[in-house]
1. For every other residue with a beta carbon closer than 12 angstrom to the beta carbon of Ile118, add +1 if it is Lys or Arg and -1 if Asp or Glu, then tell me the sum.
2. What net charge do the residues around Gly210 carry, taking every other residue with its C-beta under 15 Å from that of Gly210, with Lys and Arg at +1 and Asp and Glu at -1?
3. In whole percent, what relative contact order does the range 84-137 give with Cα contacts below 8 Å and a gap of six or more residues?
4. Go through 145-155, 444-454, 211-221, 121-131 and give me the packing order, highest mean Cβ count within 10 Å leading.
5. Would you work out the relative contact order for the range 184-253, in percent, from Cα pairs under 8 angstrom that are 6 or more residues apart?
6. If R0 is 22 Å, what FRET efficiency do you get for Glu337 and Asp371 from their C-beta distance, rounded to 0.05?
7. Which order do the peptides 269-275, 53-59 come out in when sorted by mean C-beta neighbours inside 10 angstrom, highest first?
8. Could you rank the peptides 162-171, 197-206 by their average count of other C-beta atoms within 10 Å per residue, with the highest value first?
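Quick note: the coordinates plus some simple rules give every number you see, no bench work behind them. Source: prediction; values computed, not measured. Here the Cβ positions follow ideal geometry from the backbone for every residue, glycine too, while neighbour counts run over all protein chains shown.
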Amino acid sequence: MTLLDVLSAPWVLPQAKLDEIRDVYLTHLRGEKIDIRKIEAQIGGPLSNEHPEVEVFNGVAVVSMHGVMAKRANLFTKVSGGVSTEIVGKELRAAANDNSVKAIILDVDSPGGEVDGIKGICRIIREIATVKPIHSFSDGSMTSGAQWVAASCINSWIESPTVYCGSVGVVTTHIDISEQEKRHGVKTTEISAGRLKRAASSYEPLSVDGKESIESVLNAIHKVFIEDISEFRGLDPLLVRHTIADGRLILGKESIQLGLVNGYKSLNQVIRDLADGVKSEPNFKQKEVIEMKNLTIEKLQKENPEVYEQAVKIGVASVAAMDGEKYAEGFETGKAEGVIEGRDNETSRIKAIEESAIAGHDELIAEMKFDGETSADAAAGKILKAEKVKRESISADIESDANQIDVPAADAPEHVETPVEKLPFADQVEAKWKASEKVRDEFRTFGVYKSFCEKKKAIIE
């Protein structure tokens, strides 16, 4: 595993501790030598990656898990006093196979660590629990990845209300070293197959796809974390998700109330109880689950309305959380489809208005085209109405100005050799006047009709 792999791997520990580890690695990455003596002076003691030996008291083996957790011992196990889950797993198996050992205590003082290796040690603990009692204990910190491992034991104890628990979350970092490369005149070009293979490359700023791919991995790990805590501690996964798994640190008293640990005991007390064969009651949350098997919704609502209301709220929140992602995805899809459909509909509307246009009404047509609401049918009606008003106005003007021309009726010639359309314009107007009752009804006098045709330079029917 490279330094960049370590920095970008998923971690289950508080952000502050990850920042400390990150600073050590970035110092190394910059080519600077890590001053071990300076670090030792700051902490007031020598750095060591020596793992405490397993101690046995009255047949009870105490296996230590102190410091930041990593699958194997490496740089930060020395700098931060870390612990290898691989080594702890071997020690637990050895204690389980030792006939002189009748019970095991996992003594925890850890903020968590790398995700890699945690499921393995949890599996070992669950296997041991089928043949020997194995309890976890902490008098300092039992958070994040350490909480994950401790919860897999049969029972979990803390010494006092000031012990840190919880931090059920997953975190990682993305390191962009492209600017550092520029300063050294280096340019790294990665070649890969698969769209997301190097979406979160360290040789360029984090892309949207890169961020989403990282988040998908963290969410998947978080889901497994929640499922294990729920199973190991006998808790409802829904309650864990909404009351514990938000990544916050939880102090001793609340961790007992939430069911993360069984209660307060000193290490000596846990040793004595296991040595004497004292059987622990199931943690109180597990006990409640057993007692509530016959509980009905009606009984809960009647006997404890406050808990009922809280359960309803949690249920609503859970449905919203589960549907939120689908809703967001559906919303974006619908939005995109709506934009396309709206664009096409608007284009068709404008085109239809243009097709129904009549010359001389440009201002009205422009107004309707860009008001975003007038339909093609409504536009056609408005244009025809405007045209009628315009014609009536022209007719009125002509009638008031034109001389009244009385044309005496004449007998139609028995034979017309020349077709009407080949007659002079004035004769065509007169012929149309005589032939069309509709024209005579509309224009009332020949003079008005003749003047109107002359202005339009066309025979108006």
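1. On the way: positive: Lys71, Lys119, Arg123; negative: Glu86, Glu114, Asp116, Asp228.
Net local charge, Ile118 excluded: -1.
2. Local charge sum for Gly210: -2.
3. The normalised contact order for the range 84-137 reaches 52 percent.
4. So the peptides 145-155, 444-454, 211-221, 121-131, ranked by packing, come out 145-155, 444-454, 121-131, 211-221.
5. 16
6. Numbers: r = 24 Å, r/R0 = 1.11.
Step by step, r from the Cβ atoms, then E = 0.35.
7. The densest-packed peptide leads the list: 269-275, 53-59.
8. Final packing ranking: 162-171, 197-206.
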